[in-house]
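The values are calculated or read from the model by the stated rules, or taken from the named source; none is laboratory data. Computed from a predicted structure; not experimentally measured. Here Cβ is always computed from backbone atoms with ideal geometry, including for glycine, and neighbour counts include all displayed protein chains.
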Amino acid sequence: MYEQNVNNINFDVEQLETASGQSLYYIAWSIFRQHGFFEQFNIPEPIFLRWLKKVQHGYRGTNPYHNAVHASDVTHSMHFFVTRARIWSVLTPEEKLASIIAPIIHDYMHPGVNNAFLITTRDALTMRYNDLSVLENFHCASVLEFTQEEQYNLFVNMTVDQRKLVREMVISMVLATDMAAHFEWIGKFKNKMSGSGFNFENKADRKIMLNMAIKCADVNNPTKPLEQSKRWTELIMEEFFRQGDIERSRGIPISMFMNRETTDIPKCQIGFIDFIAQPLFDAWYSFMQEDIQILMDNIKGNKNYWKNKSEKVSFGPIKPTPSSTESLSNTAKASALAIPPGSNIQTSVSTQQITNTKSSDSLAR
Ligand code: AMP
Ligand code: ZN
């Protein structure tokens with residue numbers, strides 16, 4: 001039954017998770033079958049299923065948000081985006097395959113804390129990756145490394161060129177999920193849309209489009225129907241608060257929006273929508289048009305929900321806490337994106353915490 005629903009944009013992956021306990025496994029398998037990837041690339045199905053189980057188990061069930069259900073969700077959204085005719089018709093077979101592998105693996109072994117935290121605490125992963133897209137490099141390299149092993153090698157029957165192409169695209173998409181480059185990607189995409197336009201004969205242009213697609217799939221929670229959107233918000237805020245708890249206990253400054261005692265969730269969500277999600281989806285809409293109209297309507301509705309909540313709180317009898325003034329002043333905007341300290345981001349707004357949440361392996365186990 002879920003097999004037909006996987007193609008529906010409103011499909012609720014959490015329901016499948018509740019029913020099966022392994023939504024990533026079922027969604028990914030179903031998509032692979034649907035597009036004939038097994039036959040097309042001569043992928044031995046048992047190897048793929050072993051690989052998929054290993055990826056799924058690598059996601060930490062103890063993370064409220066960055067667990068295998070988030071990976072299912074991003075895979076489901078990405079599949080919806082890329083299978084719209086305007087995209088699917090211009091992709092090569094290798095890019096189609098890569099566009100599904102990338103979301104499946106994009107947060108593999110996420111530790112539940114973000115890049116900024118890893119850098120501040122000088123986590124071992126920051127040494128390995130020189131502070132650059134630490135988590136994204138970690139997620140991608142870890143999976144691609146074990147994929148070389150015979151028992152997990154789904155690329156076993158592909159040509160050298162096919163492997164190279166799939167690998168290149170997967171790496172590009174997973175690294176694009178680093179929010180530190182959020183505005184840069186929006187800028188690149190908008191330049192294409194307003195300048196000479198996309199030329200889908202060019203691999204570079206197809207790459208920009210796919211990177212934008214995975215970014216939208218990754219921060220899709222304000223585009224969900226209200227009840228689903230609230231649930232994802234609850235989960236991500238709890239994960240932020242757990243990072244804040246660790247920061248408090250270690251005596252390091254608590255990151256913005258991560259202090260469970262003071263954070264104003266409606267204001268945080270309004271900021272996230274205004275400065276991160278809306279500009280991203282506005283740019284995406286200029287390309288996707290009616291294919292994503294429903295998502296644009298949902299963002300509007302969800303923002304109104306948080307605005308109403310925020311107004312009720314402000315006019316109620318409760319004295320505003322210091323963080324209810326955590327509205328997005330410029331400094332707040334700058335820290336709302338979970339961007340590591342010292343990053344050189346050229347953007348009108350940079351949001352550190354809002355987009356912050358990847359971390360190392362030595363933590364949170
Ligand atoms: P990823 O860590 O790959 O899932 O990247 C997406 C990032 O966007 C997350 O780490 C969060 O920092 C941020 N994000 C996504 N949804 C929300 C939300 N509803 N509120 C605040 N931040 C969010
Ligand atoms: Zn993610």
Flag for F281 being outside any helix (DSSP H, G or I) and touching a residue at least 60 places away in the same chain (Cβ under 8 Å):
no
Can you name the condition, by its number, that D297 falls short on among (1) outside any helix (DSSP H, G or I); (2) more than 25 Å from V113 (Cβ to Cβ)?
(1)
Matching entry among K224, K267, K215 (being among the basic types (K, R), closer than 21 Å to N115 by Cα and either modelled with pLDDT under 95 or surrounded by 19 or more Cβ atoms within 10 Å (Cβ to Cβ) (or both))
K215
Let me confirm something: among S229, S194, which residue is farther than 20 Å from I105 by Cα and either crowded, with 21+ Cβ neighbours inside 10 Å or assigned by TED's automatic domain parsing to the domain that holds I87 (or both)?
S229
Somewhere in region 125-139, is a residue closer than 16 Å to A217 by Cβ and within 15 Å of the chain's Cα centre (by Cα)?
yes
Going through I208, I171, I186 one at a time, which residue ends up being in contact (Cβ under 8 Å) with a residue 60 or more places away in the chain and either in the same structural domain as T75 (by TED's automatic domain parsing) or of a type in the set (V, I, T) (or both)?
I186
Taking region 144-195, which residues are basic (K, R) and closer than 26 Å to H70 by Cβ?
R167, K188
For region 30-123, please list each of the helices (runs of 4 or more DSSP H) lying entirely inside it that holds at least 3 residues being closer than 27 Å to D291 by Cβ.
68-82, 85-88, 93-105
Kindly check whether there is at least one residue in region 265-275 that is touching a residue at least 24 places away in the same chain (Cβ under 8 Å), part of a loop (DSSP other than H, G, I, E, B) and within 16 Å of ligand 2 (Cβ to nearest atom).
no
Of A124, A141, A85, which residue is closer than 30 Å to D245 by Cβ and free of Cβ contacts under 8 Å to residues at least 12 places away in the same chain?
A141
